[in-house]
Amino acid sequence: METLAQANIFFFITTIAVIIFTLLGSIALYYLIRILHDVRASTALLKEKVEHASDEVAALGAKVRESVVFNLLFAKKRHKK
């Protein structure tokens with residue numbers, strides 16, 4: 001009879017521990033999902049900004065290549081035949 005009481009106590013404590021770990025795991029999973037959502041939003045915003053910056057740099061490079069000073073300094077040399 002004593003072993004049955006010990007087994008009942010063991011299963012009761014185990015059940016409580018499983019419930020606590022399940023709650024803690026659920027809370028951790030909830031926060032992890034929120035963090036991943038924020039990371040996804042931040043990544044999308046960063047991607048948009050990088051694409052915009054890439055366009056700006058390409059436009060700036062085109063303006064520099066068209067400028068008179070750039071053409072004077074880095075003009076292509078003509079080959080004499």
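Coordinate-derived values only; no laboratory data. Keep in mind that what you see is a predicted model, and the values were worked out from it rather than measured. Reconstructed Cβ throughout: ideal geometry from the backbone, glycine too, with neighbour counts over all protein chains shown.
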I'd like the distance separating the alpha-carbon centroids of the stretch 1-33 and the stretch 34-71, in whole Å.
52
Using just the helices of the chain, give the 222 nm mean residue ellipticity in deg cm²/dmol: DSSP H runs with n ≥ 4 each add -39,500 (n - 2.57), and the total is spread over all residues, rounded to 500.
-32000 deg cm²/dmol
Along the stretch 41-50, Karplus-curve 3J(HN,Hα) (6.51, -1.76, 1.60; θ = phi - 60°) to the nearest Hz, with x for Gly and Pro, reads 5, 5, 5, 4, 5, 5, 4, 4, 5, 5
Of all chymotrypsin sites (Phe, Trp or Tyr not before Pro) in the stretch 23-78, which ones are in loop regions per DSSP and have a Cβ with at most 10 other Cβ atoms within 10 Å?
F74
Cα extents of the stretch 1-54 along the principal axes, largest first, in whole Å, come to 78, 11, 6
So, with +1 on the Cβ of K and R and -1 on the Cβ of D and E, and no other charges, what is the size of the charge dipole of the chain about its Cα centre, to the nearest 20 debye?
1360
Nitroxide proxy distance, nm - points 7 Å out along Cα→Cβ at F10 and K63:
7.8
Taking 0.36 nm per residue of separation and subtracting the Cα-Cα distance, what length does fully extending L29 through D55 add?
5.5 nm
